[in-house]
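These notes are about the structure you will find just below.
The values are calculated or read from the model by the stated rules, or taken from the named source; none is laboratory data. Note that the coordinates shown come from a computational prediction; the quantities given were computed from them, not determined experimentally. Positions of Cβ are generated from backbone atoms using ideal geometry, with glycine treated the same way; all protein chains shown enter the neighbour counts.
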């Protein structure tokens, strides 16, 4: 999703600038007007607020620490402005420090907490802003801040679990690539030179490896240029909705990993929807934000069906049952919750169960991946070495025969 830089005036006539992630300039304008700001200019963010490789982001871990500190200090009775000032002085992230200073200044100027954080919606998620607004409106800011902190922590835990699941095959793949590159670039030319002096006929696999080695040594720079260009295109296009949709569709069909990613998407969607509903956010608003968190196409389709059902005064559980991405346990908990009047609490428990299931899934995945990757790496390296030594075996056989 593109990031836009805007200049606007508040109700007192003060001019300020900020950034916001949105689908279009018109969406930015509508959001600003909802916050009672009058936009004077809106432009898509270019180099401002970006590093060479894309938008500068604050690590989720830093936001987890901030959320927990902010909740704890406010719950202890420390005024918001003092709490923000204390956290700003302690944080080591320079960008977060600047943002907290701006939020602090806005609060001193009479702005609401939601509006102050809303100026930095490219950092603070719709979930965070929606919870802050619900807490301010309902007078239960201390409760919502605690829920925000817990939710962000659980989301970070879930992200770390997924990263750990993908880290092992990625690291093994990189190491395998380096080993193969070393053999192709440095080892094979030595054998090719020796075989040319022996004037022996080379088998097909050996000729292929020699040709591959010559091609990489001669045109390796072109491959580096292609990879660099591909990386730059990826960093610039990965936030586009169409690219997201295509990548999500591919990811959910991956062998071994597809089922894990589906569970992760459902867990994030269910937990976000449950926590926001518990905090007084309307069902439709909670659905809209949870949809952005779940993000994958099956979740978006289910959200549209749930939204239509709720608008028509019908249930939430029936549309869930109609979409197979949701486990039967989630559907049953939603149905029971609707009947008993505590659906958000039961849905949050189902999200906890899904987190446990994700843990078990990752453990099973690792037990399958470790021997599989070992066999693949050994097989690839073994085939290369076999192709390299085949002419030597033939030469020795003929020499001794």
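Here are some notes:
- When residue 227 is tested against the conditions (1) at pLDDT below 85; (2) under 38 Å from the mean Cα position of the chain (by Cα), the lone failure is (1).
- Qualifying residue in the stretch 302-323 (condition: in contact with a helix residue (DSSP H, G or I) (Cβ under 7 Å, 6 or more places away or on another chain), crowded, with 19+ Cβ neighbours inside 10 Å and within 30 Å of residue 167 (Cα to Cα)): no
- Yes/no for residue 305 being out of contact with any strand residue (DSSP E or B) (no Cβ under 9 Å at 6 or more places or on another chain), within 17 Å of residue 335 (Cα to Cα) and at pLDDT 85 or above: yes
- Residue 329 being under 28 Å from the mean Cα position of the chain (by Cα), surrounded by 15 or more Cβ atoms within 10 Å (Cβ to Cβ) and assigned to a helix (DSSP H, G or I): no
- Being under 18 Å from the mean Cα position of the chain (by Cα) and either surrounded by fewer than 14 Cβ atoms within 10 Å (Cβ to Cβ) or in the same structural domain as residue 356 (by TED's automatic domain parsing) (or both) is a property that residue 171 lacks.
- Sole residue being modelled with pLDDT of 85 or more and surrounded by fewer than 16 Cβ atoms within 10 Å (Cβ to Cβ), chosen from 267, 274, 259: 259
- Of the residues making up the stretch 133-154, those that are within 23 Å of residue 62 (Cβ to Cβ) and buried (at least 18 other Cβ atoms within 10 Å of the Cβ) are 133, 135, 141, 144, 145, 146, 147, 148, 149, 151, 152, 154.
- Check on residue 263, assigned by TED's automatic domain parsing to the domain that holds residue 165 and in contact (Cβ under 8 Å) with a residue 60 or more places away in the chain: yes
- Residue in the stretch 214-234 that is at negative phi, touching a residue at least 40 places away in the same chain (Cβ under 8 Å) and not in a helix (DSSP H, G or I) present: no
- The stretch 293-308 residues that are more than 15 Å from residue 258 (Cα to Cα) and outside the structural domain of residue 261 (by TED's automatic domain parsing), paired with ones that are assigned to a helix (DSSP H, G or I) and modelled with pLDDT of 80 or more (beta carbon under 6 Å, 6 or more apart): none
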